[in-house]
Every structure is written in C-alpha cells, then in structure tokens.
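Report on the structure given below.
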Amino acid sequence: MSLPPFNCRILAAALALYLIGLLCLGAGQNGSPPKIPGCSNEFQMVMVENWVDGENGEAFTGMTAQFGAVLPFDKDKAIKLPVVLTTPLDSCSNITSKVSGSIALSVRGECTFTDKAKIAQAGGAAALVLINDKEVLDEMGCNEKDTSLDVSIPILMIKASAGDALKKSILENKKVEILLYAPNSPVVDYGVVFLWLMSVGTVFAAAVWLHVTRPKNDDQYDELSPKKSANDDASKEEEETLDISATGAIIFVISASTFLILLFYFMSAWFILILTIFFCIGGMQGMHNIITTLITRRCNKCSQKNVKVPLFGDTSVVSLVVLLFCFVVAVVWFVNRKTSYAWAGQDIFGICLMINVLQVARLPNIRVATILLCCAFVYDIFWVFISPLIFKQSVMIAVARGSKDTGESIPMLLRIPRLSDPWGGYNMIGFGDILFPGLLICFIFRYDRETNKGCSNSYFPWLMFGYGLGLFITYLGLYVMNGHGQPALLYLVPCTLGITVILGLVRRELRDLWNYGTQQPSASDVNPTPIA
C-alpha cells in the first residue's frame, strides 16, 4: 500500500479540477477615464527615487492621477527637486509653507484630489505628492462637479509607509529630495518564453507520463496466469481514473461560474486562505505521486518495505518518507508565499498538481471533449470580455489579481517574473488554460497508442504543435490589446480541438474519435465461435 490511497487521489484531483477551472489568464488594466477636459490621462506608475541629506535611499513606486502634467519616461529628463511638507498637511486650504519650486508633500484629507491639486499649483509647487492612508495606490480621478481642469503640475500618490518615511525625515529637519519619472512597461515581456515552455512541457509530461514511468516489466505477466495479471493491472488503472461525462462537463462550467461570482463579490483574506490550503493539499498529492512513481521506476524493491501507520495500515516506507517531505515543502511555501521568490514553489506545486489531475481525470472521447472545451471557450470569453458590461469590470481579471487590501491572491496560476519590466510584476497563465486543452491532448495520446498509430498518422504531435501555437497567439493578442488580459481558451480551443476535428475529417476517423469507448461489442466478441 502507498500513501495516499487511490480514492484520495480521485477526490483531490476532482477538487483540484474544480478549483483550477475558476481562473484562466489574468492580467491587464481596467477602467476608462471620464470625458472631462483636462482629466483624460491614463494612470501611470511612477518611479520615485529619494535622497536624504545627499544619501540615496531605496526607490519606491507611486501612481499618477487622471489629471495634471505627464511625467517624463526617461530618467535623464527628470529633475531632482526638494520636498516640502505642506501647511496645512491635507492641502485643503491655502498653503502657508513655502512650496514654490519644490515638490509639495501632502496627505489625504477631507477635500477632493482636484481641489488639492489646484491649491498646490496656486502655491507655486512644482508637483504634488499625496501620501495615501494605506499600503495600496488608489486611483485619483476627477470630481463629478468638475467640468474642466487646468492643472499643469504632476500629481501622484505614494503608499503610506513610503510617505511616512519622507515625512519623518522632513520633520527631523533633514534635506529631502526626490526625482520622479514614469518608465514604460513592455506589453509582452520576454519572460513569457519560459512560461510558454513550462505550459507546453506540463501538457507533454502529463500526456506521456504513464508510458514513460511504467515499470519495464509491467507487461511481462506470469506465463502461468496471464489473464489474472492483465485483469489486475486493468482493474488498478480503472481505480485510479475518473472519467468526465458530458453532463458533468456542463455542470462543472456552470458551478465554476457561480463560484467565480462569489469570489468576485465576497473575496476576503480567509476565503483566499482556504483556497490556498486546498492548493497546498493538491500540490502535495501531485508531488507525492510524481516522486514515488520515479523512485519505484528506478527501484521496484523500494516499495516492498512496509510499516504500520495509524488509519492507513501497512504503508510503504518510501511513500511515507516522500509524503513527509512534501508536507514540509508545502508548509515552507505556505509560510513564505508572499515573498519575491515564492513563485518558484507555486509553479512546482502547480505543475505537479496538474500532472496528477491529468492522470486521474480523463476524457473518454471527442464528443465529451467538444462539450467541455466549447463550454470552457464560452466561459472564458464571457468572464474576461463580456462581464465588464454587466459588472463594470472584468470578473476574471479582478479575481485573478486577488485582494488589494491584503495582497493575497489565488494561487491557481503559473507565474514567472517580468524580466524586462522596470516595475517587476509577473507573467501569468491560469491552470485552466493548461488543464482543459491538456485533457484533450492526453486523450489523443492514449488514442494513438491504443489504436497503434505510427508517427506518420498520429494526432499527438499535431495537437502539441497546435497548443504551442495557441499560446503564441495568446501572447500576440496580449500585445495587440496593449496588455489587457486575454481569454487564452479563445485561441487554444480552435488550435487543439479544431485541429483534431479537421484531421479526423481528412483521415475519415472522426466517427471513431467521436464515439470512442462507447461502441457495443459485436456478437462474435460476446459469444466467440469455438475452435474445433
């Protein structure tokens, strides 16, 4: 016996399949500025470099308003200016401190952002920097009563911790200077190459996993009882798999949509925490399965040493040790999940989880695959592109970004740092964009093997090419749409399911693919003619 038991594998895979379907690709910007003269700027991230008594401090970020002057993109064109704390501190009335030719530093108060900007400009300030009252950057829009604005100085907001540090230095009579500029962020970062490789590699590994990791003597049954050995192997494989039905595919997409709405309206730290715990459990399960499979592949005798464990009975020593190792890795990642390097552990757990799910959850034929992928196709497009018309913003993208207040985000994503972006951040792809096409590709790989397809007439290489092409088109769409989050299944479904259907029609095998596994045995198979 090995840990966990097979019924736990199916339960964990089913739960993971449900949670994974909630998210696809989440990235981009939302919202459009109101059509008010002088208030049509796009929100820009600002790099704020600071000096205290001539000593260069750690740079931090800010965000510009929808009004005011645009900051230079090039650091060389930016001007370093002294910072003066305004009096009154909230800049809601005429400023009495000398801010002429300096950058005015103020806090959020009772008046509107536009009023603060007008007062700071009237006082001669070269720019206005507002300290937020929390550790996020809120969008500074225009007041509904403003019909037009004539603000010609830059206006930006910084986080509470950064502003408090500057304010403390000024109150200690230290000379504070800052330099403001807004470097461009590339729409498509070259880090997506590594994300593409991870996604394609995960699907490929999941498809060929059982074939590659199957013990060499697996097909060499005892000659005295070949039927018993074969039946036992088939029974074992049947226990480990969960076939997806057409009805189940439809119910899955409907329930995932319902849960997505609940996340959108009721997202909180504890809600995301529960999902993160489920992710850790699924990642542990997947990592345990992969490691134990690789060990037993190399050493068949290793799994024969057992020990009694409460609730589990006789358990393989190797399985128990690997489970404890996976548990420690999961705890370490969970504790450090907000660090800058946590993406690596998240990706490892996510890949293990998806490979495990694709071994357990299976599509029986192209008919079920068509229903599932077409439903997912509509689901992805609706929640990314159409939902803003109903919910005022893209529900999929909002959920993928997580909670602004706590910094928690749903971990059902593969992430790679943006390598060429001065602002950092991550390139992301949702697990659903790997899992849904992966189910089809895994079925096609089994179909090729079970029908003895050769290299010249197999479907698997074509679908792997189609999946890679679909991901490439996804990132091309991301570039064309100026970084707005893309429903990846919009491109992946035609490039995988579409290729399968076209090849099936050309080869006149579509009927077999459509009804595969559902054909009734012929009379000769049920009652074979005895040999004289």
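The values are calculated or read from the model by the stated rules, or taken from the named source; none is laboratory data. Please read all numbers here as calculations on a predicted model, not as lab measurements. Don't worry about glycine lacking a Cβ; one is built from the backbone with ideal geometry, like all the others, and counts go over all protein chains shown. In case anyone asks, the SASA skips ligands and DNA or RNA and just uses the protein heavy atoms, side chains included. Shrake-Rupley method; radii C 1.70, N 1.55, O 1.52, S 1.80 Å.
If the limit is 21 Å between Cα atoms, which of Lys77/Lys116; Lys134/Lys167; Lys77/Lys98; Lys134/Lys338 go over it?
Going by Cα-Cα distance, Lys77/Lys116; Lys77/Lys98 fall outside the 21 Å limit.
Could you state the accessible area per residue of segment 390-513 in Å², with a 1.4 Å probe and every protein chain left in place?
Values: 5100 Å² over 124 residues.
Per-residue accessible area for segment 390-513 comes out at 41 Å².
Check each of the trypsin sites (Lys or Arg not before Pro) in segment 120-210 and keep only those in coil by DSSP with at most 15 other C-beta atoms within 10 angstrom; list them in order. Let's see the in-between values first.
Working: sites: Lys134, Lys145, Lys159, Lys167, Lys168, Lys174, Lys175; in loops: Lys134, Lys145, Lys159, Lys174, Lys175.
For trypsin sites (Lys or Arg not before Pro) across segment 120-210 that sit outside H, G, I, E and B with at most 15 neighbouring Cβ atoms in 10 Å, the list reads Lys134, Lys145, Lys174, Lys175.
Any chance you could check the Cα centroid distance between segment 321-392 and segment 89-148 for me, in angstrom?
Measuring centre to centre over Cα atoms gives 44 Å.
Report the trypsin sites (Lys or Arg not before Pro) located in segment 252-303 that are in a DSSP loop and have at most 13 other Cβ atoms inside 10 Å of their Cβ, or state none.
Working: sites: Arg297, Arg298, Lys301; in loops: none.
Loop-located and lightly packed - none at all.
Given Cα pairs under 8 Å that are at least 6 residues apart, what percent is the relative contact order of segment 346-476?
Values: 93 pairs, mean separation 32.7, N = 131.
That works out to 25 percent.
On a full-extension model of 0.36 nm per residue, what is the gain between Lys134 and Asp115, subtracting their alpha-carbon distance, rounded to one decimal in nm? List each step's numbers first, then the result.
Values: separation 19, 0.36 × 19 = 6.84 nm, distance 2.08 nm.
Answer, rounded to one decimal: 4.8 nm.
Based on the Cβ-Cβ distance from Ser40 to Arg298, what FRET efficiency comes out when R0 is 51 Å, to the nearest 0.05?
On the way: r = 64 Å, r/R0 = 1.25.
Efficiency, from the Cβ-Cβ distance: 0.20.
Report the gain in length on full extension from Ala269 to Asn56: 0.36 nm times residue separation, minus Cα-Cα distance, nm rounded to one decimal. All intermediate terms of the calculation are to be shown ahead of the outcome.
Details: separation 213, 0.36 × 213 = 76.68 nm, distance 3.59 nm.
Once the chain is fully extended between Ala269 and Asn56, it gains 73.1 nm.
In what order, largest first, do Leu469, Leu476 sit by accessible area if the probe radius is 1.4 Å?
Details: Leu469 65, Leu476 90 Å².
From most accessible down to least: Leu476, Leu469.
Quick check: with the 1.4 Å probe, what order do Tyr447, Tyr181 take by accessible area, largest first? Mind dumping the intermediate values first?
Working: Tyr447 5, Tyr181 25 Å².
Final ranking, largest accessible area leading: Tyr181, Tyr447.
Run the 1.4 Å probe and let me know the accessible area of Val328, rounded to the nearest 10 Å².
Approximately 80 Å² for this residue.
Could you sort 428-438, 331-341 so that the peptide with the highest average Cβ count within 10 Å comes first and the rest follow in order? Mind showing how you got there, number by number?
Details: 428-438: 26.9, 331-341: 12.5.
Those peptides, ordered most packed to least, come out 428-438, 331-341.
For the pair Ala205 and Lys174, what calculated FRET efficiency results from E = 1/(1 + (r/R0)^6), where r is the Cβ-Cβ distance and R0 = 51 Å, to the nearest 0.05?
Values: r = 56 Å, r/R0 = 1.11.
Plugging the Cβ-Cβ distance into 1/(1 + (r/R0)^6) gives 0.35.
Which of the three applies to segment 308-446, rounded, prolate or oblate, going by the alpha-carbon gyration tensor with a ≥ b ≥ c and a/c under 1.5 meaning rounded?
Oblate, since a/c reaches 1.5 and b/c is not below a/b.
Take Lys338 and Cys455, extend 7 Å from each Cα along the Cα→Cβ direction, and tell me the distance between the two endpoints in nm.
5.3 nm
Carbon and sulfur: what percent of segment 87-218's accessible surface (1.4 Å probe)? Numbers along the way, then the final one.
Details: 3290 of 6260 Å².
Roughly 52 percent, rounded to a whole number.
Would you work out what percent of the accessible area of segment 251-397, with all protein chains in place, is carbon or sulfur (probe 1.4 Å)?
Details: 5200 of 6980 Å².
Answer for segment 251-397: carbon and sulfur cover 75 percent of the accessible area.
Leaving ligands, DNA and RNA out of it, rank Glu42, Glu110, Glu135, Glu177 by accessible area with a 1.4 Å probe, largest first. Present the calculation step by step, with values, prior to reporting the outcome.
Details: Glu42 135, Glu110 175, Glu135 100, Glu177 35 Å².
Highest to lowest solvent-accessible surface, that is Glu110, Glu42, Glu135, Glu177.
Would you mind classifying segment 90-187 by shape? Square roots of the alpha carbon gyration tensor eigenvalues, ordered a ≥ b ≥ c; an a/c under 1.5 is rounded, otherwise it is prolate if a/b is larger than b/c and oblate if not. It would help to have the intermediate numbers written out before the result.
Numbers: a/c = 1.43, a/b = 1.12, b/c = 1.28.
Rounded shape, in that the Cα axes give a/c under 1.5.
Pop out the ³J(HN,Hα) list for segment 452-468 in order, Karplus 6.51 cos²θ - 1.76 cosθ + 1.60 with θ = phi - 60°, rounded to Hz; leave Gly and Pro as x.
Taking θ as phi minus 60°, the curve returns 6, 6, x, 4, 6, 10, 7, 9, 4, x, 5, 6, 5, 4, x, 5, x Hz for segment 452-468.
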